[in-house]
1. Could you let me know the centre-to-centre spacing of the range 41-80 and the range 121-151, using Cα atoms, in angstrom?
2. What's the ranking of 99-105, 77-83, 194-200 by average number of surrounding C-beta atoms within 10 Å, highest first?
3. Over the chain, what is the relative contact order in whole percent, taking alpha-carbon pairs under 8 Å and six or more residues apart?
4. Which of the pairs Lys108/Lys155; Lys28/Lys155; Lys28/Lys140; Lys28/Lys141 have their Cα atoms more than 28 Å apart in this structure?
5. Okay, helix-only estimate at 222 nm for the chain: each DSSP H run of n ≥ 4 adds -39500 (n - 2.57), divide by all residues, round to 500 deg cm²/dmol; what do you get?
Amino acid sequence: MKNIDENFRKDGSVKKSLKERNRERREKWIVEAASNLFRDRGYQSTRIEDIAEAAEVSPGTVYSYFETKENILLAILLLHRKSIGSRRLRVVDSPPNDLTEAMILYEKERLWHATRYLDRPLWRRIAAAGIMSPWSALGKKSIELDTGPHLERLKIFSILADRGLVPAGFQIERAAEVLRAVSLYVWLKFLREDITTLEDAQDEIEKNVRMILRD
């Protein structure tokens, strides 16, 4: 008889069964294959059959994991959200000892990280879902996207305030809300205009941060 302790890891968490591990592995293959195809061929031009072939599974297997192609895009988006990025995380947890430079570095890292995992056409589709179908799973996640960054900005402000690096009377909540709005404006402009490069967007956000924080 199998020892019950073998069902648990050293940290006390329950070990996953072989069936669960295989299912997660196949799901990962599908998401990775779709991500590559969406980037190379475009979202509209990629069929479920193409994704299945690239993932080396049957179309039926893909549908058993994801009912629609949009659900696969949602899975890619969730993967992006989970992988905040080590450079961005370092800025949030240990920002430079300068309020303006810390926020500039954070905003630039956030833009860089966003474009690393999803290209502009996919981000456009995600943004459109938040407007055209806000009730859908993808639409809801699209609307929620700026909640995490807003909390990260507040954390940076809080850390610098604890270090005595935020001026007396400085309105942290108000500044964070203004940065949130400006960041969204720059991001949507980047998505809308193909001529706008990542470097252009980073330069614009730096200019706005300096103006907001009166560097």
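Read the figures in this text as sums done on the coordinates, not as results from a lab. Every value quoted in this text rests on a predicted model; they were computed, and no experiment measured them. Cβ: placed from backbone, ideal geometry, glycine included. Neighbour counts: every protein chain shown.
1. Cα centroid of the range 41-80 versus Cα centroid of the range 121-151: 19 Å apart.
2. Packing order, densest peptide first, comes out as 99-105, 77-83, 194-200.
3. Across the chain, relative contact order equals 19 percent.
4. Those over the limit are Lys28/Lys155.
5. Value at 222 nm, helices only: -23000 deg cm²/dmol.
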